[in-house]
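> This is the structure I want to talk about, given as structure tokens.
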């Protein structure tokens, strides 16, 4: 699907979509938004506006040269947009092409950032004089959303810290929650680092309008602060994991301590029972009437004595 946004002589933003075979004439072209485009749609836009599209493989590559490149005709950008797909964090690649004062975007998923940007374009058309302004607005909204996502991750980590000493929380659930938060934080950090490289590169471009340079400088500062916060989240998760492992070690030590005390308590009676359970022909106490009661008394005393000693020592 293709959505095209243009400005008429009166400054009103017009929209055209679902173009299959031909394109109508527009006023001032601002933005071509291609959502899960078909090969035929690529051909239509390429032939009408002389746009060079990157291949799907090129958009997925992580080399710096594949994320941003600039020619005398256009600027092509591939960047990550953090999304949740089937409860799994995912970085969706979105491509931007800035050419002849208009913007072309290529995406293969509906994204809330674009929906919000479209609403803003329709309601405040005077703020968008070129494709660069739309591009800047999309990035600003995306960074704001990344900040909100990062804040939610931080809240989740704080809740983990509160539930860490909760005896009702299962250890497996706690470890799963730590893993989920680490995965979300990692994916978001990858997306932010990708935007950091993009913003650094575009700030050096002579094609960037002077009126937008300050916006991009503010954005890169915001991205840098968010990257620092993701590092802080990793430190907090490591801290929680270390506390959990320490707590688990204490619980295991207590269990081992209980088993050790039980073994020590039953060891002397077992020794007595083993001695009198030996099958030798000559056994002085074998025919003694008080042998059995005496052995029981010795076993009882030898069991109580370690308990008394352990309590005096404060070991139990």
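> Can you give the Rg to Rh ratio for the stretch 158-268, taking only C-alpha atoms and Rh from Kirkwood?
1.34
> Also, I was wondering about something else. Assuming R0 = 41 Å, can you tell me the calculated FRET efficiency for the pair residue 267 and residue 162, based on Cβ-Cβ distance, to the nearest 0.05?
Given R0 = 41 Å and the Cβ-Cβ separation, E is 0.40.
> Further question: Determine which residues of the stretch 202-217 fall in the zone a paramagnetic label at residue 224 would reach in this model, i.e. backbone nitrogen under 16 Å from the point 7 Å along Cα→Cβ.
Answer for this model: 202-204, 214-217.
> Over the C-alpha atoms of the stretch 250-313, what are the Rg and the largest Cα-to-Cα span, Dmax, in Å?
Both quantities, over Cα of the stretch 250-313: 15.6, 51 Å.
> Would you order 16, 117 from fewest to most other beta-carbon atoms within 10 Å of each residue's own beta-carbon?
So the ranking, lowest neighbour count to highest, is 16, 117.
> Whole Å is fine, so just give me how far the alpha carbon centre of the stretch 103-148 lies from that of the stretch 209-246.
When both Cα centres are located, 22 Å separates them.
> Taking the Cβ of each residue in 127, 208, 111 as the centre, tally the other Cβ atoms inside 10 Å and list the residues starting with the fewest.
If I rank by nearby Cβ atoms, fewest first, I get 127, 208, 111.
> Mind checking the angle between helix 171-203 and the chain's longest principal axis? C-alpha axes, 0 to 90 degrees, to the nearest 10.
30 degrees
> Taking the Cα atoms of the chain, what is the range of coordinates along each of the three principal axes, in descending order and whole Å?
121, 38, 33
> A further question follows. Relative contact order for the chain: what percent, with Cα pairs under 8 Å and sequence separation of 6 or more?
So the answer I get is 12 percent.
> Next question, about the same structure. State, to one decimal in nm, how far the label point of residue 252 lies from the label point of residue 122, with both points 7 Å from Cα in the Cβ direction.
It works out to 5.9 nm between the two label points.
> Residue 307 versus residue 183, label points 7 Å from Cα toward the beta carbon: distance in nm?
Once both label points are built, they end up 5.0 nm from each other.
> Select from 156, 249, 277 the residue whose mean-square fluctuation is largest in a Gaussian network model of the chain (Cα-Cα springs shorter than 10 Å).
277
> For a Förster distance of 45 Å, can you work out the FRET efficiency between the beta-carbons of residue 42 and residue 148, rounded to the nearest 0.05?
For R0 = 45 Å, the calculated efficiency reads 0.85.
Computed from the coordinates by the stated procedures, all read-outs in this text should not be read as laboratory data. Just so we're clear, the structure is a prediction, and the values are computed from it rather than from any experiment. All Cβ positions, glycine included, derive from the backbone under ideal geometry; neighbour counts span all protein chains shown.
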